[in-house]
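**Q** Got a structure here, written out as structure tokens. Questions coming.
The values are calculated or read from the model by the stated rules, or taken from the named source; none is laboratory data. The structure presented is a predicted model; accordingly, all values stated were derived computationally and were not measured. Glycine gets a Cβ as well: all are built from the backbone with ideal geometry, and neighbour counts include every protein chain shown. Heavy atoms of the whole protein, side chains included, go into the accessibility calculation; ligands, DNA and RNA do not. Shrake-Rupley method; radii C 1.70, N 1.55, O 1.52, S 1.80 Å.
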There are 2 protein chains.
Amino acid sequence: MEETTLGRQRVVIENIRPRADGGRFPVKRVAGDRVTVEADAFADGHDHIIVRLLHRKAGAAEWVETPMESIFNDRYRAAFTVEELGRYQYTVEAWVDRFHTWRYDLTKRAAAGQDLAIDFLIGVEMIEQAARRAQGHEARELTQTAAKLRSDVDQAQRLEVALDQQLLSLMDHHADRSLATAHRPPLEIVVDRPRARFSTWYELFPRSWGKTPGSHGRLRDLIDHLPALAEMGFDVLYLPPIHPIGTAYRKGKNNAVTAQPGDVGSPWGIGGEAGGHKAIHPELGTLDDFRTLCETARTHKMDVALDIAFQCSPNHPYVKEHPDWFRNRPDGTIQYAENPPKKYQDIYPFDFECRDWQALWHELRSVFQFWIDQGVRCFRVDNPHTKPFGFWEWTITALKEKNPELMFLSEAFTRPKIMYRLAKLGFTQSYTYFTWRNNKRELAEYFTELTQSDVREVFRPNLWPNTPDILHEYLQTGGRPAFIARLVLAATLGANYGMYGPAFELCENVPREPKSEEYLNSEKYEIRQWNLYQPDSLRPLIARLNQIRREHVALQSDWTLQFHTIGNEQLIAYSKRHDESGDFVLAVVNLNPHGAESGWLELDLAEIGISTNQAYRVVDLLNGQEFAWQGPRAFVSLDPAVMPAHLFYIPR
Amino acid sequence: MEETTLGRQRVVIENIRPRADGGRFPVKRVAGDRVTVEADAFADGHDHIIVRLLHRKAGAAEWVETPMESIFNDRYRAAFTVEELGRYQYTVEAWVDRFHTWRYDLTKRAAAGQDLAIDFLIGVEMIEQAARRAQGHEARELTQTAAKLRSDVDQAQRLEVALDQQLLSLMDHHADRSLATAHRPPLEIVVDRPRARFSTWYELFPRSWGKTPGSHGRLRDLIDHLPALAEMGFDVLYLPPIHPIGTAYRKGKNNAVTAQPGDVGSPWGIGGEAGGHKAIHPELGTLDDFRTLCETARTHKMDVALDIAFQCSPNHPYVKEHPDWFRNRPDGTIQYAENPPKKYQDIYPFDFECRDWQALWHELRSVFQFWIDQGVRCFRVDNPHTKPFGFWEWTITALKEKNPELMFLSEAFTRPKIMYRLAKLGFTQSYTYFTWRNNKRELAEYFTELTQSDVREVFRPNLWPNTPDILHEYLQTGGRPAFIARLVLAATLGANYGMYGPAFELCENVPREPKSEEYLNSEKYEIRQWNLYQPDSLRPLIARLNQIRREHVALQSDWTLQFHTIGNEQLIAYSKRHDESGDFVLAVVNLNPHGAESGWLELDLAEIGISTNQAYRVVDLLNGQEFAWQGPRAFVSLDPAVMPAHLFYIPR
């Protein structure tokens, strides 16, 4: 009752979409996206209400207004386009509009033949009030209209003045909004660059890419590989940590507890005499080399993504400089990482509960800033779920405020709610459970959740068929057909996907031991040599798939993903479409790498825009083969020894 | 970064249930209810977390804590009982618990045969810290335990000390909660009296209940009818407005535009020479009579519910005293109610947009207070959706703060979101679309929405087969069987139901004109005489049904409502159960009033707790007939000429 207008704000606004956790977090879009907003709005009584969508770039003084259209059941809708990177704000504002109510009632009274003299005078009063809110010629026009409406001409003429469209739009422009309701605080959108929605990642260990067999590869060597990677269609080159590697408790080949002389250690054992998170492992090269790598990548329209792993080897400079950032044990030693009874004595985790946490947060954020200053715009963050949630929100928000083009990939293979929380906090993309979803039901359920529920407002999946940590049993036992099937699934289920490169394209599939998902002779612990051009490499297929992804806008987003019925448990069928262009791509994948499978595929032709009795052309984008289909059912057969997948383009 | 602990609060709490509109509104319960609360909670990393449910009566200084159990997927659950009327608050608090984490790790280390010396010292430190937070003998006990754990006895003995249950509960009691996360502000519950959940309403026009035929009935006459109404099982006696009735533009019989001499007018045309909303129509009696009526009703455990209709006849004292509370027309007259081109010149609506709105709000609230002071604890509010939403929240909240036993029934026959909004704002019960839901699909869909969705947290349906404004076509054309079917549906689908009494029990079914839902010779405009004891009255059946409702706790709540498959579109089957007592009632109603219908009913026996090959006894509560059923299917046949419904009790 304190505010003098509060009780007179009669419109209620509810249930605005999109919204993440009731507005606690921004939703995500990319530049150029059309943002459709819906809200419930209603007032007491029978008066007409006007509902407007307001949006602005965060920080802009003025709101841009769009009228919201009533769709059904007190729900309203409007849309706007986000053009620039950064944060946008939006809200809904609505008010009871006496002029619209009066105008509507007037037509009904007139139709009933009632005398309108007093009603015209009520209109005059409203128009005169609007004239006082207007200025210049608009004010004059309103004043003149009011005079006409007051004049003594016949009712029909006055009615025409009252119902004039130009008057209506002037009245709308100068509506009395003193009692308007607005949803506060405004909701927010983080607008990323389009690569946040559509990207193709390649992970490699630079030390294995040297020119001389057996030597430690250098960043400079890598530069020469960039054109070939770009030609294969990759736009993010992701490097595991490039920092100096610790020597204390260094792991040997195949994760041996004790390293042998010459063992190179894991890049995730960060920090040594040559420095910590802001230094480059001397054997990889110099900061100059790294900057050159980034610049060259940029000329190929590629990002270099750095792996940021906030943990330290015992040799890390932080350990001496900031012993208070680690947990101390009663015997005076520093607490190493553990998963009792397992001990990881080569790794010291930070103690985020330490008293000096604010300095720690600032230092860690400055690590990102350091690499941003060298030209990095993309980070893959190692195990973000083992650092405080608040840290990520604070860090990513602040960094993106200065550099809205930044991208952060969350490597949190953990429980679903934690993965989603990290996405809400600001991570641009996220690893998923894709690697462990290998049958039809699992894939359909999981990707329906990711692409058709509210999760998609914040969580952008990035699909990896393998990583240096994960060689799934399906790949271990399925041979080349399994690799191809998983490749096609990743590249078409996910607008964002990536691979741990050489091992994947060369179909490396031997685990360290049975039941393990670790690679034998993993690059994590040793330098490997890859014959990138061996004849059975998947390189040409990968390049072709990535080209299809670039040519088919339907594959560049996840929101239209739809699964289709196909009468075989080993065959999975799904499509993506792009409504504006009509692009439509339909994938059928044989999940059984050991034998041919066939079945009847069922399509909703009306949805594709094809009439039931019309023959239509279907092109398999993978091999160029054409088919003529008719009707909603098609017979599909896939022999994995030939090719375990179709990727049909159906021109509309 | 301002707060020094904020960044160290590592637990996230999400998605607490129950909650209305994200916590904007309180949810509703009745005294004695068990409130089950769920929440997601998780922290970064792998440390153990402790999650507690906190609740208190609003205004109480101390929170009561209940440990929340982990159920699945980072979700936790606990419950508490609300005993008193009024507002309760609840929230969830959680923290990373180092002691629990340490204790769990210790068992794993011990099992692996590791040396625990340093781990014991870490424990000692935690226990000593807890001792400093504790007092008296608990502090001493903790200090002694720390000493034992530090001592030089063998590892097995120290392990026993470390894992002691008593130590664990002491440590829980003095846990370090300095970095705990709590959901703020707390969520709220409005706790009503049980009648809010289970009530049986009877509406009558006192002026028709006079002792002398044709005379204007008086409140005193009504007092003599109370025992019979109580015996019939009604616990709310609802009276249309009892205030002085205006004479200007008074409507005649059957809503004639012009009243004839002697026409009594509509009780909703409020206000005359004898006063307004705080006065009693002189022909009904005096304030003393009214207080006596309320007191007598109370002795029969009945509420008298007053109809509060905030609108004025042109003769209302407010019109002279506060002309600024109404909208003035340019010709100096006051704006009457309209639905253009229809005019209701006998009614002046308040102008809630007037400048003096605060005085208006206070005055209208004082109307409720006036009747509360006379002994009223239950109000039926006429058309609340034509008054500002904010007014209801402010009014009901303030009134219930003083009198938490108050009940408000919202008579808003309008769009669904508006009806739900009014419930969120504080209305205790709400009229529904029940009257217009007459076929099986409509009934099942609507009552599934009302009882199985989140709507039920705030919206308590009150089902009316008729009202003085609504004589549905189904009743007009279906004869006595239609009345019985709708009666059984209302009384069993709804724990709260009511009827506009004499017209219903006497099966009055003639509309004013074809296609109209208005009664011919409606009591709204004239005095009627009812032969309450005519032989074909539904009185005995109503009394029996209300008795069944009192005897079967399953029928006293709506949340367990479940529809069952029955192979006939004219038969509807549903059940309610009460888990604590095992009470289970199953209704089958024939919706076709014109002919017998039969079909196979399907039951989920496991849910009822009956094994498939066990015969079970079924009693029709309406006629006492017993059946022996076996298996999940039963054949049901209902002849409406005999009885259109079964109400089966299945003892478990």
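**Q** With a cut-off of at least 2 residues that are touching a Ser or Thr at 6+ places or on another chain (Cβ under 8 Å), name the strands (runs of 3 or more DSSP E) lying wholly within the range A:1-76.
**A** Working: elements: A:11-17, A:27-30, A:34-43, A:49-57, A:64-67, A:69-72.
The qualifying strands (runs of 3 or more DSSP E) are A:11-17, A:34-43, A:49-57.
**Q** Quick check on my filter: what residues within the range B:134-150 are open to solvent by 100 Å² or more (accessible area, probe 1.4 Å) and in a helix (DSSP H, G or I)? Break it down stepwise before answering.
**A** To start, the set of residues in the range B:134-150 that are open to solvent by 100 Å² or more (accessible area, probe 1.4 Å) comprises B:135, B:137, B:140, B:144, B:148, B:150.
Those that are open to solvent by 100 Å² or more (accessible area, probe 1.4 Å) and in a helix (DSSP H, G or I): B:HIS137, B:ARG140, B:GLN144, B:LYS148, B:ARG150.
**Q** Sticking with this structure for a sec: Quick one: in the range A:46-84, of everything that is touching a Pro at 6+ places or on another chain (Cβ under 9 Å) and acidic (Asp, Glu), which residue is surrounded by the fewest Cβ atoms within 10 Å (Cβ to Cβ)?
**A** A:GLU84
**Q** Which one is nearest to the other protein chains (Cβ to nearest Cβ) among residues in the range A:312-333 that are open to solvent by 50 Å² or more (accessible area, probe 1.4 Å) and among the charged types (D, E, K, R)? Quick ask: steps written out before the conclusion?
**A** Pass one, the range A:312-333, residues open to solvent by 50 Å² or more (accessible area, probe 1.4 Å): A:315, A:320-324, A:327-328, A:330-333.
Narrowing the set further to residues that are among the charged types (D, E, K, R) leaves A:320-321, A:324, A:327, A:331.
On the way: A:LYS320: 22, A:GLU321: 20, A:ASP324: 14, A:ARG327: 9, A:ASP331: 5 Å.
Across the range A:312-333, the extreme among qualifying residues is A:ASP331.
**Q** Does B:LEU471 satisfy the condition of being touching a residue at least 40 places away in the same chain (Cβ under 8 Å), aliphatic (A, V, I, L, M) and either open to solvent by 10 Å² or more (accessible area, probe 1.4 Å) or more than 17 Å from B:PRO502 (Cα to Cα) (or both)?
**A** On the way: touching a residue at least 40 places away in the same chain (Cβ under 8 Å): yes; aliphatic (A, V, I, L, M): yes; either open to solvent by 10 Å² or more (accessible area, probe 1.4 Å) or more than 17 Å from B:PRO502 (Cα to Cα) (or both): no.
Against the criterion (touching a residue at least 40 places away in the same chain (Cβ under 8 Å), aliphatic (A, V, I, L, M) and either open to solvent by 10 Å² or more (accessible area, probe 1.4 Å) or more than 17 Å from B:PRO502 (Cα to Cα) (or both)), B:LEU471 does not qualify.
**Q** Sticking with this one: Collect the residues in the range A:266-280 that are assigned to a loop (DSSP other than H, G, I, E, B) and surrounded by fewer than 23 Cβ atoms within 10 Å (Cβ to Cβ), keeping them in residue-number order.
**A** Pass one, the range A:266-280, residues assigned to a loop (DSSP other than H, G, I, E, B): A:266-269, A:271, A:273-274, A:276-280.
The answer is A:TRP268, A:GLU273, A:ALA274, A:GLY276, A:LYS278, A:ALA279, A:ILE280.
**Q** Next up: So, in the range A:604-636, how many residues would count as being open to solvent by 80 Å² or more (accessible area, probe 1.4 Å), assigned to a strand (DSSP E or B) and either farther than 25 Å from A:GLY478 by Cβ or small (Gly, Ala, Ser) (or both)?
**A** Here the count works out to 5.
**Q** Restricting attention to the range B:582-603, which residues are open to solvent by less than 20 Å² (accessible area, probe 1.4 Å) and part of a strand (DSSP E or B)?
**A** If the condition is that a residue be open to solvent by less than 20 Å² (accessible area, probe 1.4 Å) and part of a strand (DSSP E or B), then B:ASP583, B:PHE584, B:VAL585, B:LEU586, B:ALA587, B:VAL588, B:VAL589, B:ASN590, B:GLY599, B:LEU601 are the ones that fit.
**Q** Give the number of residues within the range B:452-468 that are buried (at least 22 other Cβ atoms within 10 Å of the Cβ), of a type in the set (S, T, N, Q) and over 22 Å from B:LEU239 (Cβ atoms). Don't jump to the end; show me each part of the working.
**A** Filtering the range B:452-468 down to residues buried (at least 22 other Cβ atoms within 10 Å of the Cβ) leaves B:458-466.
Narrowing the set further to residues that are of a type in the set (S, T, N, Q) leaves B:462, B:466.
The next check asks that each one be over 22 Å from B:LEU239 (Cβ atoms); those that pass are none.
Qualifying residue count for the region: 0.
**Q** Given (1) over 12 Å from A:GLU597 (Cα atoms); (2) among the acidic types (Asp, Glu); (3) exposed (fewer than 14 other Cβ atoms within 10 Å of the Cβ), where does A:ASP639 come up short, assuming only one miss?
**A** (1)
**Q** Is there any pair with a first residue in the range B:36-62 that is within 14 Å of another protein chain (Cβ to nearest Cβ) and a second that is assigned to a loop (DSSP other than H, G, I, E, B) and open to solvent by 60 Å² or more (accessible area, probe 1.4 Å) whose Cβ atoms are under 8 Å apart and which are 6 or more apart or on different chains, and what are they?
**A** B:PHE42/A:ARG415
**Q** On the basis of being of a type in the set (Asp, Glu) and surrounded by fewer than 18 Cβ atoms within 10 Å (Cβ to Cβ), does B:ASP346 make the cut?
**A** Details: of a type in the set (Asp, Glu): yes; surrounded by fewer than 18 Cβ atoms within 10 Å (Cβ to Cβ): no.
For B:ASP346, the condition - of a type in the set (Asp, Glu) and surrounded by fewer than 18 Cβ atoms within 10 Å (Cβ to Cβ) - is not met.
**Q** Right, here's the next one. Of the residues that sit in the range B:85-111 and are of a type in the set (Gly, Ala, Ser) and within 14 Å of chain A (Cβ to nearest Cβ), which one is surrounded by the most Cβ atoms within 10 Å (Cβ to Cβ)? Let's see the steps before the verdict.
**A** Taking the range B:85-111 first, the residues of a type in the set (Gly, Ala, Ser) are B:86, B:94, B:110-111.
From the residues that got through so far, the ones that are within 14 Å of chain A (Cβ to nearest Cβ) too are B:94, B:110-111.
Numbers: B:ALA94: 25, B:ALA110: 18, B:ALA111: 10.
Going through the qualifying residues, I end up with B:ALA94.
**Q** Which ones in the range B:254-265 are loosely packed, with under 15 Cβ neighbours inside 10 Å and assigned to a helix (DSSP H, G or I)?
**A** Residues of the range B:254-265 that are loosely packed, with under 15 Cβ neighbours inside 10 Å, as a first pass: B:255-258, B:260-262.
Of everything in the range B:254-265, just one residue is loosely packed, with under 15 Cβ neighbours inside 10 Å and assigned to a helix (DSSP H, G or I), namely B:ASN255.
**Q** If only one of B:ALA147, B:ALA139, B:ALA175, B:ALA156 is over 24 Å from B:LYS108 (Cα atoms) and among the hydrophobic types (A, V, I, L, M, F, W, C), which one is it? Talk me through it step by step, then tell me what you get.
**A** Numbers: B:ALA147 fails: over 24 Å from B:LYS108 (Cα atoms); B:ALA175 fails: over 24 Å from B:LYS108 (Cα atoms); B:ALA156 fails: over 24 Å from B:LYS108 (Cα atoms).
That would be B:ALA139, the only listed residue that is over 24 Å from B:LYS108 (Cα atoms) and among the hydrophobic types (A, V, I, L, M, F, W, C).
**Q** Inside the range B:398-420, can you point out the residues that are open to solvent by less than 30 Å² (accessible area, probe 1.4 Å), within 14 Å of chain A (Cβ to nearest Cβ) and assigned to a helix (DSSP H, G or I)?
**A** Hits for the range B:398-420 are B:ILE418, B:MET419.
**Q** Something else now. Can you work out which of the residues in the range A:375-394 that are buried (at least 17 other Cβ atoms within 10 Å of the Cβ) and away from every other protein chain (no Cβ under 13 Å) is nearest to A:ARG291 (Cα to Cα)?
**A** Among them, the one singled out is A:VAL376.
**Q** Tell me which residues, restricted to the range B:135-169, are closer than 20 Å to B:PRO67 by Cα and touching a helix residue (DSSP H, G or I) at 6+ places or on another chain (Cβ under 6 Å).
**A** The one that is closer than 20 Å to B:PRO67 by Cα and touching a helix residue (DSSP H, G or I) at 6+ places or on another chain (Cβ under 6 Å): B:LEU167.
**Q** Continuing with this model, one more query. Just need a number here: residues in the range A:118-155 that are within 14 Å of chain B (Cβ to nearest Cβ) and touching a residue at least 12 places away in the same chain (Cβ under 8 Å). Steps first, answer last, please.
**A** Residues of the range A:118-155 within 14 Å of chain B (Cβ to nearest Cβ): A:118-129, A:146, A:149-150.
Filter once more, keeping what is touching a residue at least 12 places away in the same chain (Cβ under 8 Å): A:119-124, A:126-129, A:146, A:149-150.
Going through the range A:118-155 one residue at a time, the tally reaches 13.
**Q** Follow-up question, since we're still on this one. Checking A:GLU3 against (1) open to solvent by 40 Å² or more (accessible area, probe 1.4 Å); (2) at pLDDT 95 or above; (3) among the charged types (D, E, K, R), only one condition comes out false. Which one?
**A** (2)
**Q** Return the pairs, sorted by first residue and then second, in which the second residue is open to solvent by 60 Å² or more (accessible area, probe 1.4 Å) and part of a loop (DSSP other than H, G, I, E, B), the first residue lies in the range B:336-360 and is more than 8 Å from every other protein chain (Cβ to nearest Cβ), the beta carbons are less than 7 Å apart, and the residues are 6+ apart or on different chains.
**A** The qualifying pairs are B:TYR336/B:GLN345; B:GLN345/B:TYR249; B:ASP346/B:TYR249; B:ASP351/B:ARG327.
**Q** Any idea which of (1) touching a Lys or Arg at 6+ places or on another chain (Cβ under 9 Å); (2) over 14 Å from A:GLY375 (Cα atoms); (3) open to solvent by less than 30 Å² (accessible area, probe 1.4 Å) is the one A:LEU219 doesn't satisfy?
**A** Just one mismatch for A:LEU219, condition (1).
**Q** What number of residues within the range B:6-23 are open to solvent by 50 Å² or more (accessible area, probe 1.4 Å), closer than 13 Å to B:ALA423 by Cα and more than 8 Å from chain A (Cβ to nearest Cβ)?
**A** Start the filter on the range B:6-23 by keeping residues that are open to solvent by 50 Å² or more (accessible area, probe 1.4 Å), which leaves B:6, B:9, B:15, B:17, B:19, B:21-22.
Of the ones still in play, those that are also closer than 13 Å to B:ALA423 by Cα are B:21.
Next cut, more than 8 Å from chain A (Cβ to nearest Cβ) only: none.
Going through the range B:6-23 one residue at a time, the tally reaches 0.
**Q** While we're here: Go through the range B:90-120 residue by residue and tally those that are closer than 30 Å to B:GLU62 by Cβ and touching a helix residue (DSSP H, G or I) at 6+ places or on another chain (Cβ under 7 Å). Break it down stepwise before answering.
**A** Within the range B:90-120, the first condition is being closer than 30 Å to B:GLU62 by Cβ, and the residues that meet it are B:90-103.
Okay, now just the ones that are also touching a helix residue (DSSP H, G or I) at 6+ places or on another chain (Cβ under 7 Å), so B:98-99, B:102-103.
Counting residues in the range B:90-120 that are closer than 30 Å to B:GLU62 by Cβ and touching a helix residue (DSSP H, G or I) at 6+ places or on another chain (Cβ under 7 Å) gives 4.
**Q** Return the residues of the range B:424-458 that are touching a residue at least 12 places away in the same chain (Cβ under 8 Å) and under 25 Å from B:LEU204 (Cα atoms); say none if nothing qualifies. Give the derivation first.
**A** As a first pass, look at the range B:424-458 and keep what is touching a residue at least 12 places away in the same chain (Cβ under 8 Å): B:424-436, B:438-440, B:443-444, B:446-448, B:450-452, B:454-458.
Answer for the range B:424-458, where residues must be touching a residue at least 12 places away in the same chain (Cβ under 8 Å) and under 25 Å from B:LEU204 (Cα atoms): B:PHE427, B:THR428, B:GLN429, B:SER430, B:TYR431, B:THR432, B:TYR433, B:PHE434, B:THR435, B:TRP436, B:ASN438.
**Q** Right, something else. Go through the range B:281-311 and give me each residue that's among the β-branched types (Val, Ile, Thr) and part of a helix (DSSP H, G or I).
**A** Passing the criteria: B:THR292, B:THR296, B:THR299.
**Q** Same structure again: For the range B:474-498, enumerate the residues that are buried (at least 24 other Cβ atoms within 10 Å of the Cβ) and of a type in the set (D, E, K, R).
**A** Residue satisfying the conditions is B:ARG486 alone.
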